[in-house]
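See structure below.
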Amino acid sequence: MAIPTEQAREVPNEPVAIKETNTGAAGAESNTQTVNTGAEPKRSGKDLKALKKAEKQASRKARADQQGGGKEKGNSSDDKKQDQNSKGGSQPKKSSKQNGKGSPPVLKKEDPAVLEQRFFEEKQVSIFSHLDWRRRRTTENLPKDIHPAVIRLGLKLSNYKVFGSNQRCIELLKTFKKVIRDYQTPFKTTLSRHLTTHVNSQIAYLVSTRPLSISMGSAIRFLKLEISVLDIDLTEEEGKEVLLEKIDNFIRDRIVIAGKAIVQAAAEKIQDGDIILTYLHSSTVNDVLVYAKNIGKQFRVIVVDSRPEFEGRACLKLLTSHGILCTYVMISALAYTMQEVTKIFLGGHAMLSNGALYSRAGTSLIALLGKEANVPVIACCESYKFTERIQLDSLVYNELAPGDQLINTSVDENQEKPSELSDWHSVKNLKLLNLKYDVTPPRLITVCVCEMGLLPSTSVPAIINEFKQVYA
């Protein structure tokens, strides 16, 4: 803004300082002159507003010049890109989600539980879709109150390292003995009230690894009953000792001594020259045969085995080590071998209330062929495996084993042989079904041997009433 000449003439001897500011990236200049005098006159509000307005207009003009220069540069670069695209063709656009280094976007992994459920829905036979298929085979996301011994047992059960009703029940009770020893009653609670809640959390974890057997269910009911009837005046240590003693008594009376009584009663039915057929690996039946051999009876055993676990091999190894003459056949040759059989001994996973035998898959087929050939079918089962459940078929309640067990076709148990089913996961219309148990009707069972003696299978309700306090 120009300084009036009259003011300059009035003060000729005072120094004058003129400040010039050059703004603008493109060479535009805005000359703003400020006069400092020894006695600067007061400016009116109108002059100050005009000065501020002039400064704003100069700054806006400089800003506009800068933006104009940038647009010109951008337009020139865009023209170059268009020329390159017209010469070399169009290029694909890169994803906007790429990071600064140009790496591709990271894809989120799906939850393994979701993938497992989707695979089950695709590969499960629809008629058995109601059966529990989930198996916890890792220790990921476990509750904090799960005892290490329970975790160890759960991993063994899920990987089928512990098999057999008696063995599973004994391992369960031994594990709960460790849980009770390490248990500490929280403040303002009692042992009989809070221990049941603690035991329930341990059982929930075991159920997630593999469904409980009938024998394990009976042992759990027994344990909960004993906890509930504990005297409230007992100290924590005294209550623990009482429970540990009760568990030892259950194992001794209901499993060990009961098994010995069954062995002695069933061995009386074996005569010299008998040809006895047994299926898979039953610890009770094996004890019967070994005891009969030790008391001097001469007989031969036909061990029938089946896929996928070939449990009959363990039975064959045990019997031959005691000097028993054995024949090993697969279940496909059952009709041929049944012609020479004189007695059939079968182990039981459970005896149902209607007299049916709940045992490993294939048991009902052996009992049916034995009935047709007029061969006595003898079922050996401890009374703690008797249950009030009633089943007419194997569809409503059963256990699903992994379908991958059916893939291995190797004869050697220590070596796996790939088969045509190795890629069954990718075959759309292929489904594998591996059931663990079946139900044998009571009309196919000649007699049931328990610690009470030889009884018809239909007398199971009477035996249950005898132990009603334990099974309540």
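Within the range 186-208, being outside any helix (DSSP H, G or I) and buried (at least 17 other Cβ atoms within 10 Å of the Cβ) holds for no residue. Tell me, please, whether a residue that is among the charged types (D, E, K, R) and either in contact with a Pro (Cβ under 8 Å, 6 or more places away or on another chain) or buried (at least 21 other Cβ atoms within 10 Å of the Cβ) (or both) can be found in the range 278-301. Scanning the range 278-301 turns up no residue that is among the charged types (D, E, K, R) and either in contact with a Pro (Cβ under 8 Å, 6 or more places away or on another chain) or buried (at least 21 other Cβ atoms within 10 Å of the Cβ) (or both). Selection of first residues in the range 257-270 that are farther than 14 Å from residue 283 by Cα and at pLDDT 95 or above and of second residues that are open to solvent by less than 10 Å² (accessible area, probe 1.4 Å) and assigned to a helix (DSSP H, G or I), restricted to Cβ pairs under 6 Å at least 6 apart or on distinct chains, gives the following pairs, ordered by first then second residue: 267/288; 267/292; 270/292.
Out of 212, 223, report the one residue that is assigned to a helix (DSSP H, G or I) and at pLDDT 90 or above.
Within the list 212, 223, the selection yields 223.
Restricting attention to the range 417-453 and to residues that are surrounded by 13 or more Cβ atoms within 10 Å (Cβ to Cβ), of a type in the set (A, V, I, L, M, F, W, C) and modelled with pLDDT under 95, the residue that is nearest to residue 362 (Cα to Cα) turns out to be 435. Scan 356, 367, 361 and give me the residue that is surrounded by 15 or more Cβ atoms within 10 Å (Cβ to Cβ), in contact with a helix residue (DSSP H, G or I) (Cβ under 6 Å, 6 or more places away or on another chain) and more than 13 Å from residue 277 (Cα to Cα). Selected residue: 356, the only one of 356, 367, 361 that is surrounded by 15 or more Cβ atoms within 10 Å (Cβ to Cβ), in contact with a helix residue (DSSP H, G or I) (Cβ under 6 Å, 6 or more places away or on another chain) and more than 13 Å from residue 277 (Cα to Cα). Scan the range 391-410 and tell me whether some residue there is open to solvent by 40 Å² or more (accessible area, probe 1.4 Å) and more than 29 Å from the chain's Cα centre (by Cα). Yes; the residues of the range 391-410 include at least one that is open to solvent by 40 Å² or more (accessible area, probe 1.4 Å) and more than 29 Å from the chain's Cα centre (by Cα).
Being within 25 Å of residue 139 (Cβ to Cβ) and either buried (at least 19 other Cβ atoms within 10 Å of the Cβ) or of a type outside the set (Ser, Thr, Tyr) (or both) is a description that does not apply to residue 232. Sub-6 Å Cβ pairs linking a first residue in the range 228-244 that is assigned to a helix (DSSP H, G or I) to a second residue that is basic (Lys, Arg), at least 6 apart or interchain, are 244/177, ordered by first then second residue. Select, from 144, 161, the only residue that is more than 28 Å from residue 399 (Cβ to Cβ), open to solvent by 40 Å² or more (accessible area, probe 1.4 Å) and either modelled with pLDDT of 95 or more or not polar (S, T, N, Q) (or both). Going through 144, 161 in turn, the sole match is 144. Number of residues in the range 141-185 that are assigned to a helix (DSSP H, G or I), without any contact (Cβ under 8 Å) to a residue 60 or more places away in the chain and of a type in the set (Val, Ile, Thr): the value is 4. Within the range 315-333, none of the residues are in contact with a strand residue (DSSP E or B) (Cβ under 7 Å, 6 or more places away or on another chain), in contact (Cβ under 8 Å) with a residue 40 or more places away in the chain, under 19 Å from residue 299 (Cα atoms) and surrounded by fewer than 16 Cβ atoms within 10 Å (Cβ to Cβ).
May I ask you to verify whether residue 354 is free of Cβ contacts under 8 Å to residues at least 12 places away in the same chain and assigned to a loop (DSSP other than H, G, I, E, B)? Criteria not met by residue 354.
The values are calculated or read from the model by the stated rules, or taken from the named source; none is laboratory data. Since the model is a prediction, treat every value here as computed from it, not as a measurement. Quick reminder, even Gly has a Cβ in these numbers, built from the backbone with ideal geometry, and neighbours come from all protein chains shown. Just the protein is used for accessible areas: all its heavy atoms, side chains included, with ligands, DNA and RNA removed. Shrake-Rupley method; radii C 1.70, N 1.55, O 1.52, S 1.80 Å.
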